[in-house]
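Notes for the one structure printed next.
The values are calculated or read from the model by the stated rules, or taken from the named source; none is laboratory data. Computed from a prediction, not measured in an experiment: that's the story for all the values here. Quick reminder, even Gly has a Cβ in these numbers, built from the backbone with ideal geometry, and neighbours come from all protein chains shown. Quick note on the areas: whole protein, heavy atoms, side chains included, nothing else; ligands and nucleic acids left out. Shrake-Rupley method; radii C 1.70, N 1.55, O 1.52, S 1.80 Å.
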Amino acid sequence: MTKVDCDVVVVGAGFAGIYALWKAEQQGLSVRGFERASDVGGTWYWNAYPGARCDVASYNYAYFFNSDVVRETSGGETVVCRYLVLAVGALSEPKAPDIPGVDSFAGDAWFTSSWPRDREVDLKGKRVGVIGTGSSGVQCIPEVAKVASEVFVFQRTANFVTPTLSGPMDPKLVAELRADPEAVRNDLRKTYGGNQPLYIGPDRFSELDEEGREKALWRAWEQKEVALAFWDSHLPEANAAISEFIRQRMHEVVDDPWTANQLVPWDHPYGGKRPCQSDVYLQTFNQPHVRLVSLRETPIEQIVPEGIVTSAEAFDLDVIIYATGFDALSGPVRALNITGIDGVAMNDQWADGPVNYLGTMVHGFPNLFLPSSAMSPSVLSNMATLAEQQVDFIFDTIRWLDDHGQARLHPSAESQDFWRDETLRFAKRVPGALTTDSWYNGANVPGKPRQYMVYRGGFSRYNDACYRELEDGFPGYEVLPGRAA
Ligand code: NA7
């Protein structure tokens, strides 16, 4: 029989991986951690571009435990373990920029998704082109504009941009949250997004007249939670009113009418794809040295040694910044192309899109756990709350196996079918979720199967579904024979 080196291997030292290492030690399991970066942090290690920010309130974007973490690295070594936790993240596999001539550029080229940490990126007085206007582009463009002599923003699709909730932390609230972290953690798991929303409109859109709706929208706007202006904000009619309201607010911030028109997202409803937040992005386009280039009107033809050539113009540049996004959610697991029992390759199983149960386990891959991957609340919840919830559930599953003298478990194929249907059922309720091209549904990566990959049933429902399995002895799974090592 193969000798087992340790109980658990954890790959990745971001939010979920760090917590998994701690959890394993707490549970008396031997554990080894692997991380490809030179330090811990995951997303927050790699995306170190100027202006990098999170759109979850920092009060809650935090662990609710304390510990030192021991890190191990390795190369070319085979490690045999009983349980494998691939905490490789949802947004860790950068998407290739898929533009002809990318490698020919003679100046400096940087990716927001792997911003250099070993040197200062000097943009002072440079002519800089930024490709991409998702969250990363929206966050870094104002910072680039502070130092560059000229900034050209190459936009393919306009995004919703609303003000942030940024501001000083309330010491009283922080003290309250830290007084009983366990209670806060449990309360967050009972919410829809693993977050405490600061404001939800008390009235129903369907019951308000025109004037009442306008009032509710302004009140929510001032509270900086316009997406939650109404109690029934998820209804298509309410969503349409919210989308229109935001478009108007965006339009009036930008001085130049052509630029304003281009920056406003007319082609999808709010939330159809990832909305962005910034207090300064739109205003940046009022500066004389910042220019928007609409790729819908004049697409990029190629990148050449001197810069970027569109169908209308050649832009001479010193630096190109790619904020072009990720092969999200299923991408990081697919990049590992692992093999399960009977020689089944994950990428064959996932050829038509990812399948799993409860977003964490895959049929044919016993004892493999995938926190932060596809079909959990993931990127539409607070990832810190999710990391703790998923890792707790994973280690409760491991404990259950040990307590029952069982070695291996994987979900049944029927459970996976059910979970795919559930994910689709909730996605259908969200205006624009299935019809808008986005990285939530794989449309941003050429050739990627189109499948909605975020569970939108809410954090609380998700948590209940996980723990119902545990309480009922895992009816949605199959326990496989084998020796409990
Ligand atoms: P996103 O949100 O996927 O944004 C990528 C941007 O890059 C988006 O505007 C894309 O336009 C654009 N893009 C991608 N490829 C190209 C090409 N070939 N040509 C022109 N433009 C292109 O990634 P981010 O890094 O900004 O954000 C990811 C998440 O990280 C974020 O939402 C947070 O959750 C954290 P498109 O929309 O595809 O037309």
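Take the conditions (1) open to solvent by 10 Å² or more (accessible area, probe 1.4 Å); (2) assigned to a helix (DSSP H, G or I); (3) within 27 Å of I341 (Cα to Cα); R461 misses just one of them, which is (3). Note on the range 170-201: among residues that are out of contact with any Pro (no Cβ under 9 Å at 6 or more places or on another chain) and within 24 Å of V138 (Cβ to Cβ), the one that is most open to solvent (accessible area, probe 1.4 Å) is L198.
Hey, among S376, S412, which residue is of a type in the set (S, T, N, Q) and under 22 Å from R82 (Cβ atoms)? After ruling out the rest, the residue left standing is S412.
For G76, the stated conditions do not hold, so it cannot be described as out of contact with any Lys or Arg (no Cβ under 7 Å at 6 or more places or on another chain), on the phi > 0 side of the Ramachandran plot and modelled with pLDDT of 90 or more. Being over 25 Å from the mean Cα position of the chain (by Cα) and away from the ligand (no atom under 16 Å from the Cβ) is the filter here; which residues of the range 309-344 pass it? Within the range 309-344, A314, D316, D318, V319, T339, G340, I341, D342, G343, V344 qualify.
Being modelled with pLDDT of 95 or more and in contact with an Asp or Glu (Cβ under 9 Å, 6 or more places away or on another chain) holds for only one residue in T133, T157, T164, T112, and it is T157.
Cβ-Cβ contacts under 7 Å between residues 6 or more apart (or on different chains), taken from a first residue in the range 106-117 that is closer than 14 Å to G41 by Cβ to a second residue that is at pLDDT 95 or above, are listed as S113/P94; S113/F326; S114/P94.
Does D392 count as within 25 Å of the chain's Cα centre (by Cα) and among the acidic types (D, E)? Against the criterion (within 25 Å of the chain's Cα centre (by Cα) and among the acidic types (D, E)), D392 qualifies.
Checking G42, G33, G17 one by one, the residue that is on the phi > 0 side of the Ramachandran plot and open to solvent by less than 50 Å² (accessible area, probe 1.4 Å) is G42 and no other.
Scanning the range 434-451 for residues that are more than 15 Å from the ligand (Cβ to nearest atom) and either open to solvent by less than 10 Å² (accessible area, probe 1.4 Å) or over 24 Å from F365 (Cβ atoms) (or both) turns up just one, L434.
May I ask you to verify whether G405 is open to solvent by 30 Å² or more (accessible area, probe 1.4 Å) and small (G, A, S)? Criteria met by G405. For the range 234-334, the helices (runs of 4 or more DSSP H) that sit wholly inside it and include 1 or more residues that are among the β-branched types (V, I, T) and open to solvent by less than 10 Å² (accessible area, probe 1.4 Å) are 236-253, 281-284, 331-334.
Screening D342, D396, D348 for residues that are modelled with pLDDT under 95, farther than 21 Å from L424 by Cβ and open to solvent by 10 Å² or more (accessible area, probe 1.4 Å) leaves exactly one candidate, D342. Just to verify a result, which residue in the range 83-96, among those that are within 14 Å of the ligand (Cβ to nearest atom) and surrounded by 17 or more Cβ atoms within 10 Å (Cβ to Cβ), is nearest to V10 (Cα to Cα)? Here the residue is G89.
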